[in-house]
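> Would you mind keeping the following structure in view while I ask a few things?
The values are calculated or read from the model by the stated rules, or taken from the named source; none is laboratory data. Bear in mind that the values here come from a model prediction, so they are computed numbers and not experimental data. Note: ideal-geometry Cβ built from the backbone for every residue, glycine included; neighbour counts use all protein chains shown.
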C-alpha cells in the first residue's frame, strides 16, 4: 500500500492509503499544492463542485474536500482502488459521490456540472482528446469553471473549444489549465 498525506485545508496532514500498482500514479504533494494555489487565485472554493475524473488514489478529490469544495465526485475504473477511495473517504468523514467504471462512459451519463474537473488518465491511454470532447459535448464544465489536465509534457492535446489559462511544467509532466472557449 502507498500512504499519502493531504497537504492543505482542514484535513491537512491526515493520511490516505492506496493500492500500489501501475494504475495509481499519485500527484506529488508539491504539484498538488501548486494546483490548489492556482485554483484559489481563480475562484473561491465554497459552494463549488470538483470532479476527480480518473481518481486513482483519490488524493486530488481529498485535497479538494479538505480545502472547502462543497461537493467532490470520484470516478475510478479499478474496483480495488475504487473501494479503497470509499474507505479513505469514510475514514476522513468525507461525503462524496463515487462512480465505479470507465470514465468516458460515466461522463456520457453523469448529470452534474462542475466548477473544476481534474483529468489525469493513464499517460499512454490516448484518452485526453476523447475526454475533452465528452466534457465539451455534455457541457460538464460550468461557464467560469476550470479544467486541469495532468499529462506528459511532450503530448500534444487538441483543446478545441477551450482556452488555455495557464501551463506549468514539472520535469516530465505538464499541467494545462483550461476554461471554456467562446
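> Taking residue 167 and the conditions (1) more than 22 Å from residue 4 (Cα to Cα); (2) touching a strand residue (DSSP E or B) at 6+ places or on another chain (Cβ under 6 Å); (3) surrounded by 17 or more Cβ atoms within 10 Å (Cβ to Cβ), which numbered condition does it fall short on, given that it satisfies the others?
Failing condition for residue 167: (3).
> Tally the residues that are at pLDDT 95 or above and assigned to a strand (DSSP E or B), restricting the search to the range 129-147.
Qualifying residue count, the range 129-147: 5.
> Collect the residues in the range 115-139 that are under 16 Å from the mean Cα position of the chain (by Cα), closer than 25 Å to residue 70 by Cα and surrounded by fewer than 21 Cβ atoms within 10 Å (Cβ to Cβ), keeping them in residue-number order.
The answer is 121, 134.
> Is it the case that the range 80-93 has a residue that's outside any helix (DSSP H, G or I) and surrounded by 13 or more Cβ atoms within 10 Å (Cβ to Cβ)?
no
> Regarding residue 111, is this residue surrounded by fewer than 20 Cβ atoms within 10 Å (Cβ to Cβ) and without any contact (Cβ under 8 Å) to a residue 24 or more places away in the chain? Let's see the steps before the verdict.
Values: surrounded by fewer than 20 Cβ atoms within 10 Å (Cβ to Cβ): yes; without any contact (Cβ under 8 Å) to a residue 24 or more places away in the chain: yes.
The answer is yes for residue 111.
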